[in-house]
Amino acid sequence: MDANGTYICLMTKRLLAFLFPALGFSLLSSVTSGQVFTTMTYNIRHGLTTKNQGNLSRVSQLIRANKADVVALQEIDSSTVRSLGRNQTKYIAKETGMKVVYAKAVSEKRGSYGLAILSRYPIIASQIVQLPTPEEGAPRILLCAYVEFPNEKTVRFCTAKLDPHSSQNRTAQAAIVTALLKESIQPVVWAGDFHSHTDDPILRQMARYWRYAGVASEQVTFPDLASRFDYILTRPNDELQELSYRIVEENRTSDHYPVVASFRLK
């Protein structure tokens with residue numbers, strides 16, 4: 001950049017600071033580097049530890065400790081006998097101070113269980129899609145939340161728990177989700193429990209359409225089977241730049257590890 005360009009850039013920043021002093025550095029950061037956010041996906045095992053003790057307080061602590069802005073939760077109960085009638089979604093939302101949307105996947109004699117998405121930013125719309133089960137199996141769904149960021153851009157955050165018992169069902173479910181989301185006009189983050197290790201043919205087929213956060217990671221997310229089942233995906237052409245990726249190796253709360261990734265929305 002020449003001297004004139006440097007001068008113009010400096011004067012632009014000073015003008016913004018003068019016009020919007022209350023917004024301070026956050027505005028300049030948004031203008032110059034885009035919106036940065038952190039997302040987490042976590043299968044919370046119906047709110048129970050592997051010793052069948054309640055884990056909701058610890059789940060909430062992990063969300064806060066990892067500074068997650070948007071969280072995808074699988075195997076979350078709503079007023080079931082197993083959860084002693086507690087609405088787990090409302091509890092975690094209250095403990096974290098986040099907005100939330102819940103979707104029922106399976107009805108029980110009392111209550112239900114399914115998926116939830118929590119967000120520190122407004123959820124302006126949500127969507128529930130029934131997924132196919134060619135072979136006999138429990139109902140599976142896709143839940144999407146449209147999250148609006150301070151820069152007025154919207155990202156479509158989605159989560160699913162694919163069938164853990166049937167590869168045929170997982171293949172069909174992954175295909176439907178991909179077909180639905182690949183044409184989305186909003187940038188997409190798809191996070192969840194896919195019950196497929198990195199060498200699974202399903203994941204290799206999906207790689208044509210998706211970019212995996214932490215693609216080179218060899219860490220597991222389901223230690224009981226020494227497998228990586230939990231993923232955060234974006235589309236290759238979206239305005240999302242992966243900044244960081246980590247797996248929180250903490251097995252006192254659930255049989256899965258939380259997976260965390262940060263992105264910049266350009």
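The values are calculated or read from the model by the stated rules, or taken from the named source; none is laboratory data. Every value quoted in this text rests on a predicted model; they were computed, and no experiment measured them. In this analysis, Cβ positions are derived from the backbone assuming ideal geometry, glycine residues included, and neighbour counts consider all displayed protein chains. In case anyone asks, the SASA skips ligands and DNA or RNA and just uses the protein heavy atoms, side chains included. Shrake-Rupley method; radii C 1.70, N 1.55, O 1.52, S 1.80 Å.
Cys144 meets all of the listed conditions (1) under 16 Å from the mean Cα position of the chain (by Cα); (2) open to solvent by 40 Å² or more (accessible area, probe 1.4 Å) but one, namely (2).
Of the set (1) within 24 Å of Thr221 (Cα to Cα); (2) surrounded by fewer than 16 Cβ atoms within 10 Å (Cβ to Cβ); (3) of a type outside the set (S, T, N, Q); (4) touching a Cys at 6+ places or on another chain (Cβ under 9 Å), all apply to Phe157 but (2). Checking Val260, Val215 one by one, the residue that is farther than 21 Å from Asp163 by Cα, β-branched (Val, Ile, Thr) and not in a loop (DSSP other than H, G, I, E, B) is Val260 and no other.
The sole residue among Asp199, Asp238 that is in a loop (DSSP other than H, G, I, E, B), acidic (Asp, Glu) and crowded, with 18+ Cβ neighbours inside 10 Å is Asp238.
Restricting Tyr121, Tyr102 to those that are within 15 Å of the chain's Cα centre (by Cα), over 11 Å from Ile76 (Cα atoms) and aromatic (Phe, Trp, Tyr) reduces the list to Tyr121.
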